[in-house]
1. Between Glu56 and Lys307, what length comes free when the chain is fully extended (0.36 nm per residue of separation minus the Cα-Cα distance, one decimal in nm)?
2. Full-extension gain between Ser367 and Glu170, please, as 0.36 nm times their residue separation minus the C-alpha to C-alpha distance.
3. Place a label point 7 angstrom from the Cα of Tyr315 along the Cα-to-Cβ direction, then list the residues of the range 259-286 whose backbone nitrogen is under 19 Å away.
4. Step through the residues of the range 21-37 one at a time and calculate ³J(HN,Hα) from phi using the Karplus curve (6.51 cos²θ - 1.76 cosθ + 1.60, θ = phi - 60°), rounding each to whole Hz and writing x for Gly and Pro.
5. Zone of Phe293 (label point 7 Å along Cα→Cβ, backbone N under 16 Å): which residues in the range 139-170?
6. If packing is taken as the average number of other Cβ atoms within 10 Å across a peptide's residues, how do 282-295, 323-336 rank, most packed first?
7. Say we join alpha carbon atoms closer than 10 Å with springs in a Gaussian network model of the chain; which of Ala201, Ala225, Ala32 then has the biggest fluctuation?
8. With an 8 Å cut-off on Cα pairs and a minimum separation of 6 or more residues, tell me the relative contact order of the chain in percent.
Amino acid sequence: MKKIRVAVVGVGFVGLLHIEALRRLGNVEVVAICDSFNAQKRGRDLYIENTYTDYEEMIDKEKLDFIHVCTPNNSHFEIAKYALNKNVNIVLEKPMTYTIDEAKELYYLSQEKKLICAVNFHNRLYPAPAYIHNIVKKGDIGEVTSVTGYYVQDWMLYETDYSWRLIVEESGKTRVIADIGSHWIDLVEYTTGLEVDEVFADFKTVYETRKKAVGHIESFSTDAADEYEDIPIDTEDIATLLIRFNNGAIGSAIFSQSVAGKKNNIEVLISGTKATAEWSLTNHSDVKIGHRFKPNETITKDFILMKELAGTFDYPAGHTEGYADAFKQVFKQVYNGNSLGLYATFYDGLRQMIINERIYESAKTSSWVKIGKIL
Ligand SMILES: NC(=O)c1ccc[n+]([C@@H]2O[C@H](COP(=O)([O-])OP(=O)(O)OC[C@H]3O[C@@H](n4cnc5c(N)ncnc54)[C@H](O)[C@@H]3O)[C@@H](O)[C@H]2O)c1
């Protein structure tokens, strides 16, 4: 049987995860990788023979069906545009691009080419959020009146913590918003079916300069360095956000990469006129439903209890499916033609780019900012 030919560009932290998840699909073969740093060694480690440092050369030679773009944010556009023009389907890491104009151009090009184009907002594809999406849609919690929560980590706590994400030229104008806030907002819009209509944000930068280790350091590395250089920082370490949704519901959230002890914690509390639905990445198999006049419920991932979600998880109750599995579920949907309509498309990616920008404008002007038209 012929397998789908896939290549991954950018084989750092998340690129490796893409390769691992892709290899678990069965109908897909990762035939090539491209990385501007150490490509051959990475290929040897991964048992992938075709390695490139130039994505154009790889796309031209490898007769690809799909490409996964896992490079820093400032290169997503050029790689995706080149691939689309060569009729290659795409899975792009988030944030979709560096600027809104780039995201719009890619969106229109994807429409013209009629290719499969996804953005990896993978939090939607844990079973529990997909379940919440369904019960909110069915009206089980009533009309949503408020949404609160957070996305917090601690890998940027110290002055010596460093990543390309700190540099505006590589990451974009916002940092925690683009990096983790956008995941939370996509998750909330997806689970509630609501749209963020207006935002009020406040940003804090903890260190005005950071100490960058001299040499090549990958994301989330804990390697100590012998030598550091001072780098000025002009993006936020912490963001708080107030939200008005399009149905009149209100919300609030905090996003931070400087909360000691919180490694990668996401919480969402969706309150409706009948009940409350709650999800935490810490116990990601569970959905908690809060009631007023009857006992609260915990619904754990299960083929029977969540039968309408067949196809979004693979193992029976009690057999945990986590971060890497959520990636696998996104790719399963992508490679099976989005049979359940669950993954984020280029439209969703563009929408989050615009929300990021409006949040940035709000923090700079200390005022409510409308999200406005997407296209
Ligand atoms: N969905 C998620 O949960 C998630 C998690 C982490 C990162 N991301 C996103 O994935 C992307 C990559 O993040 P990361 O943490 O893996 O970064 P990383 O620094 O660990 O890896 C990036 C890799 O890309 C390579 N690279 C850079 N420019 C390149 C180019 N022009 N051509 C080829 N290779 C190039 C680098 O050498 C490096 O190996 C970012 O857009 C980030 O926002 C998403």
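Read the figures in this text as sums done on the coordinates, not as results from a lab. Since this is a predicted model, take the numbers as computed values, not measurements. All Cβ positions, even for glycine, are placed from backbone atoms using ideal geometry, and neighbour counts span all protein chains on display.
1. On the way: separation 251, 0.36 × 251 = 90.36 nm, distance 4.34 nm.
Gain on stretching Glu56 to Lys307: 86.0 nm.
2. Extra length from Ser367 to Glu170 when fully extended: 68.2 nm.
3. 280-286
4. Couplings: 5, 4, 5, 8, 7, x, 8, 10, 10, 7, 8, 7, 10, 9, 8, 6, 10 Hz.
5. 142
6. For the peptides 282-295, 323-336, the packing ranking is 323-336, 282-295.
7. Between Ala201, Ala225, Ala32, it is Ala225 that shows the largest mean-square fluctuation.
8. For the chain, the relative contact order is 20 percent.
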